[in-house]
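The values are calculated or read from the model by the stated rules, or taken from the named source; none is laboratory data. Source: prediction; values computed, not measured. Here the Cβ positions follow ideal geometry from the backbone for every residue, glycine too, while neighbour counts run over all protein chains shown.
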Amino acid sequence: MTQTQKFYRKLWAVSFVLLLAGSLWAQAPAQTGTAERPSASGNTGAAKAAGQDDAATKVSTPQTEALFRSVDQILQFASRETALPRKKEVKRRLTSRDEVVAYLEKNMTEDKDAQRLRRSELVLKKFGLLPRDFNLQMFLVALLREQVAGYYDFKTKTVNLLDWVDLEQQKPVMAHELTHALQDQNFDLEKWMKAGDIDLDSKKHPSAEEMNKDEENTARQAVIEGQAMAVLIDYDLRPTGQTLQNSRAIMKALEDGMIVGTPDSPQFQNAPLYLKEALTFPYRYGVEFVVDLLESGGKEKAFAGTFKNPPRTTREIMEPKTYLAGEKLPPMKIPDFEQDFKDYERFDLGAVGEFDVAVLIDQYAGVERSRQMYPKWRGGYYFAGHSKKDLNGPLGLLYVSKWASPEWAAQFAAVYASGLTQRYKHVDAPDEFGATDVVQNTERESLSGRNTFNTEDGLVVIEVRDDQVFVSESLDRATTEKLEADVWGK
């Protein structure tokens, strides 16, 4: 999909730290035999940052001056932790909630990336990862208004601290944001992030290699946020004598806490599963990626090394061993989109990465099955379009995925079929399988051969051959048959 990339394109120019990422780790149980961690950045700060009693939490002028004086000290700490040298002073400013919200609203409604965001919303709804009546833009603005705890602006080279966040909570947040400043000074974050961005919308005939690059921006986002999270946590762990590297229990608690949320974060708690996972992905998986690299190659490999040799996929972030081994999955053969979809107006296309698949399986079959299955993913892409005969009709979808073996492909096909009744109001299977048997029975382990289903939005075909799964939704039969011939090489 990777839809994470499409809305992170809207956010990467200002690197936010989410309140959930910046404070929830402090609620994790301390390891036996170690000192308790400081609690200043726990629930009290979270409640205030979530917008409760703004006026009472305004940072005073003396507090602001003290906070600004601590910037250089914290920058020095971040430089030691990352081995990234400080090259210049970092600008700093205090900003209000209204300024943050105005910036977000402006950024979410203007330019080409805003159009990408709107397209990603419809594709996510087609896959069933967002409710059909969900407003993604409004949600993101409200969520970030609730969750932003600080941000570094790549364009102005300024760390922005928030005038409604508790003073003590600002310091670990600053450690996070000042890590971004060091990354920027050493590797020019704007240029580095753009190097990982490919605009498939501008490609008339995208190649398999270009489709493979569709996740690179998301992987790079996880690098910069994972590094910053590692520094944030180590900064707050200083009084205990622990570090993130020797406190894996803290990292696990951080990951679990971020996806659950707290009573102080209603927007996040009420978010669809996909958005919870996508918004926390660069923090949760990114910090684990950094810790694995620290253990395998030290600071050079974990920090500067990943800028010089960046990961390219969410698979490499989620499974660092694949990055360390230099795994290169061969590009999948892709059909002739222009010819096969000549009766359709192209709406969107892109990769469906390991992260996307993990959440999809999680949603339709549960966490445990997802953990078993997603490492067996080996590639995927989609194409979405509207029929030229009815541009207001249902969005048509082609989705092809590749797996480690025919058995895993058949298992994924069964999971995908089981989700149809969650996505469509009416589903029936006119072939040898009944809709109740194939679709509603999530215990079914595998699905083989070619299976067809009728829905209110048209035909759905799920076909398994060898290690690949072919899915066609809401496309006319002639187009589906052309795609089958092209994908299967008939």
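No other residue among A149, A181 is modelled with pLDDT under 85 and touching a Leu at 6+ places or on another chain (Cβ under 8 Å) apart from A149. When M332 is tested against the conditions (1) out of contact with any Asp or Glu (no Cβ under 9 Å at 6 or more places or on another chain); (2) within 23 Å of V290 (Cα to Cα); (3) of a type in the set (A, V, I, L, M), the lone failure is (2). Checking the structure you have, find out if any residue of the stretch 257-275 is aliphatic (A, V, I, L, M), surrounded by fewer than 18 Cβ atoms within 10 Å (Cβ to Cβ), assigned by TED's automatic domain parsing to the domain that holds R132 and at pLDDT 90 or above. Within the stretch 257-275 (the criterion being aliphatic (A, V, I, L, M), surrounded by fewer than 18 Cβ atoms within 10 Å (Cβ to Cβ), assigned by TED's automatic domain parsing to the domain that holds R132 and at pLDDT 90 or above), the answer is yes, since at least one residue qualifies. Of the candidates P282, P311, the single residue that is modelled with pLDDT under 95 and either within 27 Å of L144 (Cα to Cα) or surrounded by fewer than 18 Cβ atoms within 10 Å (Cβ to Cβ) (or both) is P282.
One line per residue, one yes/no per condition, for (1) surrounded by fewer than 20 Cβ atoms within 10 Å (Cβ to Cβ); (2) among the small types (G, A, S); (3) under 13 Å from V100 (Cβ atoms):
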residue	(1), (2), (3)
R145	yes, no, yes
G150	no, yes, yes
F154	no, no, no
V159	no, no, no
L162	no, no, yes
L167	yes, no, no
M174	no, no, no
D184	no, no, no
E190	yes, no, no
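Scanning the stretch 343-400 for residues that are among the basic types (K, R) and without any contact (Cβ under 8 Å) to a residue 24 or more places away in the chain gives a single hit, R371. In the stretch 136-158, the residues that are in the same structural domain as H180 (by TED's automatic domain parsing) form Cβ pairs under 6 Å with partners that are of a type in the set (F, W, Y), at six or more places apart or across chains, as follows: V148/F16; Y151/F16. Report yes if some residue within the stretch 340-350 is in the same structural domain as M193 (by TED's automatic domain parsing) and hydrophobic (A, V, I, L, M, F, W, C); otherwise report no. Checking the stretch 340-350: not a single residue is in the same structural domain as M193 (by TED's automatic domain parsing) and hydrophobic (A, V, I, L, M, F, W, C). Anything in the stretch 331-356 that is part of a helix (DSSP H, G or I) and closer than 13 Å to K204 by Cα? List them, or say none. Listed by number, the residues that qualify are F337, E338, Q339.
The set of residues in the stretch 333-363 being aromatic (F, W, Y) and under 23 Å from L475 (Cα atoms) consists of F337, F341, Y344, F347.
The set of residues in the stretch 313-330 being within 17 Å of Y374 (Cβ to Cβ) and in a loop (DSSP other than H, G, I, E, B) consists of T313, E319, E327, L329.
Of the residues contained in the stretch 356-365, none is found to be out of contact with any helix residue (DSSP H, G or I) (no Cβ under 9 Å at 6 or more places or on another chain) and modelled with pLDDT of 95 or more. Per the listing T218, T240, the residue uniquely over 20 Å from the mean Cα position of the chain (by Cα), outside the structural domain of F355 (by TED's automatic domain parsing) and among the β-branched types (V, I, T) is T240. Among the residues making up the stretch 205-216, a single one is within 20 Å of L117 (Cα to Cα) and either surrounded by fewer than 13 Cβ atoms within 10 Å (Cβ to Cβ) or among the hydrophobic types (A, V, I, L, M, F, W, C) (or both): M211. Here R118 meets each of (1) touching a residue at least 60 places away in the same chain (Cβ under 8 Å); (2) within 26 Å of Y381 (Cβ to Cβ) with one exception, condition (1).
When restricted to residues that are assigned to a loop (DSSP other than H, G, I, E, B) and either modelled with pLDDT under 95 or surrounded by 16 or more Cβ atoms within 10 Å (Cβ to Cβ) (or both), the stretch 414-470 contains 20.
Of all residues in the stretch 374-394, those being in a helix (DSSP H, G or I) and surrounded by fewer than 21 Cβ atoms within 10 Å (Cβ to Cβ) number 2. Of the residues D390, D362, the single one that is within 23 Å of L273 (Cβ to Cβ) and acidic (D, E) is D362.
Of all residues in the stretch 293-306, exactly one satisfies the criterion of being without any contact (Cβ under 8 Å) to a residue 60 or more places away in the chain and either crowded, with 20+ Cβ neighbours inside 10 Å or touching a strand residue (DSSP E or B) at 6+ places or on another chain (Cβ under 6 Å) (or both), namely L293. Scanning the stretch 316-343 for residues that are closer than 26 Å to G226 by Cβ and in contact with a strand residue (DSSP E or B) (Cβ under 7 Å, 6 or more places away or on another chain) yields a single hit, L329.
Looking only at the stretch 24-44, decide whether some residue is assigned to a helix (DSSP H, G or I), aromatic (F, W, Y), at pLDDT below 85 and under 22 Å from T243 (Cα atoms). Within the stretch 24-44, one or more residues are assigned to a helix (DSSP H, G or I), aromatic (F, W, Y), at pLDDT below 85 and under 22 Å from T243 (Cα atoms).
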